[in-house]
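**Student:** Dropping a structure here in structure tokens format, bear with me for questions.
No value in this document is a laboratory result; all are computed from the given coordinates. Note that the structure is predicted; figures quoted are calculated from it, not measured. Quick reminder, even Gly has a Cβ in these numbers, built from the backbone with ideal geometry, and neighbours come from all protein chains shown.
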């Protein structure tokens, strides 16, 4: 299969805005929530910001996703687009009720992605209803990328493995002894995640959940998975 450079450039151009917002608002939301519950560490570090440059990690935000994208174009198939931003510093010890408040701080990031996924679905619906013109198809492609990246980030981060948000939510919900046992996984969590990603196990677990989430969100505006697939063939 020849390498489709034009298609890759098109995806990067359409995805730049939604991906930037998905990463920036996810991280900023953690900082906002932490400050609300008494921890101003992120604010003091200047990380409660909508400036993407404060959150972008050159390797995790740019190099790794681009490598996965290029590999999927070269080898075919739809790999799970994976990446990360600079984590917002949070000191749970400064919160009024650390174990309880940890849940809300962790959930703020995926919650922001859910909000954006719904917003991009509204944009997609508007583009589908608009008469065909120079802007409607690129706008639909941008909205589709916005939906997919936000749903993927939401589901991925809810995976119950520290240091992901889902792992922190799990620690918050478990009794103290079990929570301590799970929290001890955190130093090894990233390595475990990478192994699960490259062995295909992570995709096997997450793709059905991503499909369900996209179906439910699209259903709010009468958009089906077949609509997503049709748009994907055009962009």
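**Student:** When the chain is modelled as a GNM with alpha-carbon springs shorter than 10 Å, which of 140, 112, 126 fluctuates the most?
**Tutor:** Of the options given, 126 has the highest mean-square fluctuation.
**Student:** Follow-up. When the Cα atoms of segment 98-143 are enclosed in a convex hull and the volume is divided per residue, what value in Å³ results?
**Tutor:** Taking the convex hull of the Cα positions in segment 98-143, it is 45 Å³ per residue.
**Student:** Among 29, 49, which comes first, second and so on when ranked by fewest other beta-carbon atoms within 10 Å?
**Tutor:** Ordered by Cβ neighbours within 10 Å, fewest first: 49, 29.
**Student:** In deg cm²/dmol, rounded to 500, what helix-only [θ] at 222 nm does the chain give when every DSSP H run of at least 4 residues adds -39500 (n - 2.57) and the total is split over its residues?
**Tutor:** Working: 10 runs with 161 residues, N = 235.
Helix-only estimate at 222 nm: -22500 deg cm²/dmol.
**Student:** Separate question: Using just the alpha carbons, could you tell me how many Å³ per residue the convex hull of segment 76-191 encloses?
**Tutor:** 138 Å³
**Student:** Now a separate question. Among 36, 26, rank each residue by its count of other Cβ atoms within 10 Å, from fewest to most, as a rough exposure measure.
**Tutor:** 36, 26
**Student:** Continuing with this model, one more query. Rounded, prolate or oblate for segment 144-204? Axes are the square roots of the Cα gyration tensor eigenvalues, ordered a ≥ b ≥ c, and the cut-off for rounded is a/c under 1.5.
**Tutor:** Verdict is oblate for segment 144-204.
**Student:** Another one. Mind telling me which of 216, 161, 129 comes out most flexible in a GNM of the chain, alpha-carbon contacts under 10 Å?
**Tutor:** 129
**Student:** Once the convex hull of the C-alpha atoms of the chain is built, how many Å³ does it hold per residue, rounded to a whole number?
**Tutor:** 130 Å³
**Student:** Can you tell me the orientation of helix 201-219 relative to the chain, as the angle in degrees between its alpha-carbon axis and the longest Cα principal axis, to the nearest 10?
**Tutor:** 70 degrees
**Student:** Another question, then. Roughly speaking, what is the centre-to-centre gap between segment 164-227 and segment 27-64 when only Cα atoms are used, to the nearest Å?
**Tutor:** Computed from Cα coordinates, the inter-centre distance equals 21 Å.
**Student:** Of 186, 27, how do they rank once you tally other Cβ atoms within 10 Å and put the fewest first?
**Tutor:** 186, 27
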